[in-house]
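*Asks:* Quick one: this structure, given as structure tokens, is what I'll be asking you about.
The values are calculated or read from the model by the stated rules, or taken from the named source; none is laboratory data. All values reported here derive from a predicted model rather than from experimental measurement. Reconstructed Cβ throughout: ideal geometry from the backbone, glycine too, with neighbour counts over all protein chains shown.
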Amino acid sequence: MWTFNSIINKIFDILFLPFQSMNPWIGMIFISLLTGLLMLLVFRYTSNQEGIKRTKNRIKAHLLEMRLFSDNMRISLKAQGNILLANIKYISHSAKPLLFMIIPLILVLIQVNFWFGYSSLKPGEPVVLKVKLENDYNPLEVDLNIAPSSGILIETLPLRIEEENEINWRISPLKKGVYNLEIYIDGQKVSKQVSVAQTSLSKISPKKLKGSFLDGLFFPLEAPIKKSSPIKSIEISYPDKSLPLFGINFHWLIAFFGLSIILGFAFKGVFGVEI
Amino acid sequence: MSTMKTKIKIFFITLLFIYFFALASPLEAYVGPGAGFAFLSSFLVLFLTFILAVFSFLSWPFRLLLKLIRRQKTYKKSHINQMVIVGLDGMEPTLVEKFLAEGKLPNLARLKKEGTYAHLKTTTPAISPVAWSSFMTGSHPCKHNIFDFLSRNPKNYLPELSSAWIGNPKKFLPLGKYKIPLSKPVIKGMRKSIPFWKFLGEAGIFSTILRIPVTFPPEKFKGHLISGMCAPDLKGSQGTFTFYTSEKEKAKIDEGGVIIPLTISDNKIETYISGPENSLLKKEEELKLPLKITLDINNKTANINISGKKFILKEKTLSNWVKITFRPGLGIKVRAICRFYISEISPNFKMYLSPLNIDPEKPALPISHPFIYSVYIAKLLGSFTTLGEADDTWALNEGILDEDTFIKLAYDNHKESEDMLFNAMDKTKKGVVACWFQVTDSIQHMFFRYLDKKHPALKLGRNKKSAKTIEELYMNMDKLVGKVRDKLSKNSCLVIMSDHGFKQFRRGVNLNSWFYRNGYLSLKDGKIESGEWFKDVDWTSTKAYGLGLGGIYINQKGRESQGIVSPGEETRALKTELKQMLSGLMDDGNNNAVAINYLYDRDEIPPGPYKENCPDFIVGYNEGYRVSWDSVSGKVNSTIFEDNIKAWSGDHCIDPKLVPGIFFCNHPINTKSPSIVDIAPTAMELFGLKAPDHMDGQSLLRLENSPEKKQKSNKR
């Protein structure tokens, strides 16, 4: 899984490389455009284009019918019924391309989430580092410590919470950069990436897991923790990120959803795709 | 009003955006763009439907009340709910009677038994645009100004389309090589008087008028209309097909189409689709669309690529409608629909391209009322022919289409009209539905010779059909009548009618040659014949000329630009002379058979305000005769009579007395000799309205207290 994730990570690193020091909206527009176009092509080759066209025409015809025969209740009601029926057919035409689109889309969404979902830490801004242990280990008993790092200050002693089976530290970044915190537990070393005030667009890995297939799928940025390790996960509470526009903060998902649809629609004529 | 609409649109769009950008939860958004495409469109439709439904429901009580109040007035005096008029152009009474006697037309027989069958008196001349104009206005030609397909321009003696005039916008803004129009193009209907559906509409009675001739440009009224015969193609012509051929030497087309010679290189052809003139350019030039054809000789197919739009067409298969788009510049698109037919893949490549029909979904010219009606029909029933004369008789006449393909094309067009009719009948349960069918006219024109074993056109080798074609045509129309009967509303009036009948066209008469040989028309010095459109005619010594399918004009001083015959006594004397000489004109090449029965003087036919535009004479040809092909196009030579050897072998442009139409009705009528001008007043009386005084016809109804009868009892 990690090999696959590494390839995907690399692809997205390359894709976002030119946009890292630009306004994040530009990167968002770019990835939305790319996704919109990809989905357009998938839609074109996996859907019944003729059927969609026919069904859409019927819907439009019945909408026009309602306007042309607005005085006639019988025709208007029948037209409304026909629109609903045609709509069901239209959605059914979209089911097949949806199946083809769902896997690549999930991969894209996971990656985009780590590029646009979190803000990197700022120097002097403290944050909690959580290490969750396997059930067989007691946080009060394990021998666990963090190696000193040039860019990260470990502000507190470990806080061992038995009920949660986890150990927390408050850490505080000292200067910009990407650091690997090295955590030693029972003689084993596990590292966790920490991003501090990088470029305006950078990927953030908030959590590192031991990893089932799904954990690997949903947290692909860092190599999984070894199975033999007593640590189940390491998490840093990065602040959420939003995309500001005209004073409104947009969640990246809304921006991505809106833009990819708008751009997809905008280019459907160019690619001759019936949506 | 438009500002209000814009505001409403903005409101709906804002609501949509609020929904997606503010209210949608991340989970919903996780559906992603792929599903978003489908769900957004779907949601939009549902949303619109919901809004319309709410609006519809909320306003329903008020509308119902209004409707009841109106309808009380509207339909209070109405004798019926629905009137359906099926116009079968050119259906011939003698053939109807023959097939009725043979039991081949059971639905028409039933109609005859239940109601009426009669011959329907046609107009003078018996030409479709003239007759259908009289049908709709209830008036004779001098009141509606249509006397032929063509009228003549007295300034230059050239023909002009009689039904409509299309002109470029008058004001332009020059911009580089472009001239940007600042006003709309002028589209002027030349048919005068008012159709009966407009009067009905003013009284609140709804009509759906489908493909009735001379309804282009469409006029406003309470109802829906699709223009019919005389609506142009995208080039502005009455239908210009294109013939692509690699056999350049043998290619020849006299009328109706253009040839584009091809060169095949490595089974590939690069050519173009010839479009309309680009009126956006200062120096107008033809719009062209690149057309690439790749031949697969083994499979007898061709891969056709029109500006990136590809499809495969088999040899001897007619394509479906293909949408094409011309781009004259400045981001403007002009859309058309057309059909392809490859008659030969190899050794020579030959392909027919139908006239470029105006795309009904995105019409470049108004072809319906309201404008969206053609869009609605196209989206509901599929693309349909919008060219007035859809059945490409010229292509068969010129040998470009074979007989079977022509028949398929004609019946395909017929099916489109049939579907439109049934949709209209379903939607117009109260009011008038009138639909015109061309197939009866076009198939009879092109196959009538099979009913006459001695027809000169049968000497050609292209005859593969038989008299069965006509018989099947009549039987198919009978089936249509059956289907229409099944769909009629309660208390309906059904009229099945034709505008004229049909007779054989064996011999052509070149009137202009007759004028030339008898000293009424002169050619320029040294010329013994003239090219098309009187090219070599010396007008300064010409007294009379023929133009169109039945018109004779006096070259009158003060009217024609180079007229020499003084109005008044000199004209009267010349007309008397011509009438004497031409009435009863005999064909010395056909045992002195009478070719012309009578010349109808325009002073003899029912008068009207547009009499001045009527030809001075309308020629009443005898059965078997018609104006010759050369004479129609203004050619002059020494041949007066000639055999008609074209596939176009039946006609009706003869003495109107010889070609009445048919009239079937499910109600009895009050006369044995109805006329086409009686239909409009009948329709009005059926809905309880008095026909306006200018209508020449009278109601055919046998109704008590008929206002028509009281006032017009002495008219006939």
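*Asks:* Could you tell me which numbered condition A:Leu34 fails, if it satisfies all but one of (1) touching a helix residue (DSSP H, G or I) at 6+ places or on another chain (Cβ under 8 Å); (2) surrounded by fewer than 19 Cβ atoms within 10 Å (Cβ to Cβ); (3) at the interface with chain B (Cβ under 9 Å from one of its Cβ atoms)?
*Replies:* Here A:Leu34 meets the rest and fails (3).
*Asks:* Ok, one more. If you scan the stretch B:275-324, which residues turn out to be among the β-branched types (Val, Ile, Thr), touching a strand residue (DSSP E or B) at 6+ places or on another chain (Cβ under 8 Å) and in contact (Cβ under 8 Å) with a residue 24 or more places away in the chain?
*Replies:* B:Ile293, B:Thr294, B:Thr301, B:Ile304, B:Ile306, B:Thr317, B:Ile324
*Asks:* Please indicate, with yes or no, whether at least one residue in the stretch A:220-240 is touching a Phe, Trp or Tyr at 6+ places or on another chain (Cβ under 9 Å), without any contact (Cβ under 8 Å) to a residue 24 or more places away in the chain and within 19 Å of A:Gln111 (Cβ to Cβ).
*Replies:* No, the conditions are met nowhere in the stretch A:220-240.
*Asks:* Could you go through the stretch A:94-106 and let me know if any residue there is in a helix (DSSP H, G or I) and either more than 10 Å from chain B (Cβ to nearest Cβ) or modelled with pLDDT of 90 or more (or both).
*Replies:* yes
*Asks:* Now a separate question. When you scan the stretch B:615-716 for helices (runs of 4 or more DSSP H) that lie fully inside it, which ones turn up with 1 or more residues that are of a type outside the set (A, V, I, L, M, F, W, C), at pLDDT 95 or above and on the phi < 0 side of the Ramachandran plot?
*Replies:* Once the helices (runs of 4 or more DSSP H) in the stretch B:615-716 are filtered for at least 1 residues that are of a type outside the set (A, V, I, L, M, F, W, C), at pLDDT 95 or above and on the phi < 0 side of the Ramachandran plot, what remains is B:679-686.
To keep it simple, each residue is scored yes or no on (1) crowded, with 24+ Cβ neighbours inside 10 Å; (2) within 25 Å of B:Ala680 (Cβ to Cβ); (3) in contact (Cβ under 8 Å) with a residue 60 or more places away in the chain; (4) away from chain A (no Cβ under 14 Å).
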{"residue": "B:Leu356", "(1), (2), (3), (4)": "yes, no, yes, yes"}
{"residue": "B:Tyr373", "(1), (2), (3), (4)": "no, yes, yes, no"}
{"residue": "B:Leu387", "(1), (2), (3), (4)": "yes, no, yes, yes"}
{"residue": "B:Asp392", "(1), (2), (3), (4)": "yes, no, yes, yes"}
{"residue": "B:Ile407", "(1), (2), (3), (4)": "no, no, yes, yes"}
{"residue": "B:Asp412", "(1), (2), (3), (4)": "no, no, yes, yes"}
{"residue": "B:Lys430", "(1), (2), (3), (4)": "no, yes, yes, no"}
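*Asks:* OK, next. Pick out the one residue from B:Asp588, B:Asp655, B:Asp643, B:Asp603 that is surrounded by 20 or more Cβ atoms within 10 Å (Cβ to Cβ) and either among the acidic types (Asp, Glu) or over 30 Å from B:Ala434 (Cβ atoms) (or both).
*Replies:* Every option except B:Asp655 fails the conditions.
*Asks:* Follow-up. Select from the stretch B:137-168 the residues that are in a loop (DSSP other than H, G, I, E, B) and of a type in the set (Phe, Trp, Tyr) and write down the one among them that is modelled with the lowest pLDDT.
*Replies:* Here the residue is B:Phe149.
*Asks:* Taking strands (runs of 3 or more DSSP E) that do not extend beyond the stretch B:273-385, which have at least 2 residues that are polar (S, T, N, Q), at pLDDT 95 or above and more than 30 Å from B:Gly201 (Cβ to Cβ)?
*Replies:* The strands (runs of 3 or more DSSP E) meeting that bar are B:301-306.
*Asks:* Here's another thing I want to ask about it. Testing B:Cys230 on (1) more than 30 Å from B:Ser346 (Cα to Cα); (2) at pLDDT 90 or above; (3) part of a loop (DSSP other than H, G, I, E, B); (4) not aliphatic (A, V, I, L, M), one condition comes back false. Which one is that?
*Replies:* Here B:Cys230 clears every test but (2).
*Asks:* Which residue, of B:Leu488, B:Leu451, B:Leu421, B:Leu458, is among the hydrophobic types (A, V, I, L, M, F, W, C) and surrounded by fewer than 16 Cβ atoms within 10 Å (Cβ to Cβ)?
*Replies:* Of B:Leu488, B:Leu451, B:Leu421, B:Leu458, the one residue that is among the hydrophobic types (A, V, I, L, M, F, W, C) and surrounded by fewer than 16 Cβ atoms within 10 Å (Cβ to Cβ) is B:Leu458.
*Asks:* With the condition being within 14 Å of chain A (Cβ to nearest Cβ) and modelled with pLDDT under 70, I'd like the helices (runs of 4 or more DSSP H) fully within the stretch B:16-109 carrying at least 1 qualifying residues.
*Replies:* B:26-29, B:32-74
*Asks:* Collect the residues in the stretch B:523-552 that are within 13 Å of B:Ser631 (Cβ to Cβ) and outside any loop (DSSP other than H, G, I, E, B), keeping them in residue-number order.
*Replies:* Matches in the stretch B:523-552: B:Ser530, B:Glu532, B:Trp533, B:Phe534, B:Val537, B:Ala544, B:Tyr545, B:Gly546, B:Leu547, B:Gly551, B:Ile552.
*Asks:* For the stretch A:40-83, enumerate the residues that are basic (Lys, Arg) and either facing another protein chain (nearest Cβ under 7 Å) or under 24 Å from B:Lys362 (Cα atoms) (or both).
*Replies:* Matches in the stretch A:40-83: A:Arg44, A:Lys53, A:Arg54, A:Lys56, A:Arg58, A:Lys60, A:Arg67.
*Asks:* Just one of the numbered conditions (1) within 8 Å of chain B (Cβ to nearest Cβ); (2) over 30 Å from B:Ser374 (Cβ atoms) is not true of A:Asp13; which one?
*Replies:* (1)
*Asks:* Any idea which residue in the stretch A:246-265 is farthest from the other protein chains (Cβ to nearest Cβ), counting only those that are surrounded by 12 or more Cβ atoms within 10 Å (Cβ to Cβ) and out of contact with any helix residue (DSSP H, G or I) (no Cβ under 7 Å at 6 or more places or on another chain)?
*Replies:* Checked the stretch A:246-265; the qualifying residue farthest from the other protein chains (Cβ to nearest Cβ) is A:Ile262.
*Asks:* Continuing with the same structure: Checking B:Asp587 against (1) under 21 Å from B:Thr124 (Cα atoms); (2) in contact (Cβ under 8 Å) with a residue 40 or more places away in the chain, only one condition comes out false. Which one?
*Replies:* Every condition holds for B:Asp587 apart from (1).
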